[in-house]
Every structure is written in structure tokens, then in C-alpha cells.
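Notes follow the structure.
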Amino acid sequence: MTERGSRKSLAGTVVSDKMEKTALILVERLTKHQIYGKYIRRRSKYMAHDPQNKCRIGDEVRIVESRPMSKRKRWQVIEILTKGNVED
């Protein structure tokens, strides 16, 4: 099966895994200020579908855009890049 278009892909850190089959991902990016030229750190949080509940807090994951699965969930966890070392 071929895909019709390319999907957006982001990498971020899991900040919450308390929901069922959902993880909250924090994505940071650097943007340049238009006037002053200084680089500013911007953050966004995305709710991502995690069907096997494999994500844990502190994990670095890659997410990809998908169809809407709920009111706020429009991303899917594709792979876990590195496991976090956060202990409870």
C-alpha cells in the first residue's frame, strides 16, 4: 500500500504517560527572532497515540501525523529513540 503524501514527523520527550494508550510529548525547537536575530526556544505539547503503552516518562520518541483519533489526539508514536532514565 502506498502513501498519498508525506506525513509530518517530529521528535520529542515524553512528559506524561498516565493516560490509556496516549502519551504527552514535549517538542522543543529553536526559532530566530525576526528583528533581534536571537534564537528563542519554543515548546509545543502533542497528545500521541501509543497503542501498546510502551512509552515512559523521559523517553525520546518519534511521532508522525495521523488521522484524528480524539478531540486533541492527532499524532502517533512510531518509535522510541532512547529510553529515559527517570525513576519513580
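The values are calculated or read from the model by the stated rules, or taken from the named source; none is laboratory data. Keep in mind the model is a prediction, meaning the values are calculated, not measured. Every residue, glycine as well, gets a Cβ built from its backbone with ideal geometry; the counts of neighbours run over all protein chains shown. Only protein heavy atoms, including side chains, enter the accessible area calculation; ligands, DNA and RNA are left aside. Shrake-Rupley method; radii C 1.70, N 1.55, O 1.52, S 1.80 Å.
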Given a 1.4 Å probe, the accessible area of the chain per residue, as a whole number of Å², is 80
Along the charge dipole of the chain, pointing to its positive end and built from +1/-1 on Cβ of Lys, Arg, Asp and Glu, which listed residue (Gln34, Met69, Met47) has its Cα farthest out?
Gln34
Could you pull out the pairs from Lys32/Lys73; Lys54/Lys83; Lys8/Lys73; Lys8/Lys71; Lys8/Lys45 whose alpha carbons sit more than 22 Å apart here?
Lys32/Lys73
Bins of 10 Å from zero: percent of alpha-carbon pairs in the chain:
17, 43, 26, 12, 1
Using Cα pairs under 8 angstrom and six or more residues apart, how large is the relative contact order of the stretch 11-88, in percent?
29
Pick out which of Lys38, Lys73, Lys21 has the largest mean-square fluctuation in a Gaussian network model of the chain, springs linking Cα atoms closer than 10 Å.
Lys38
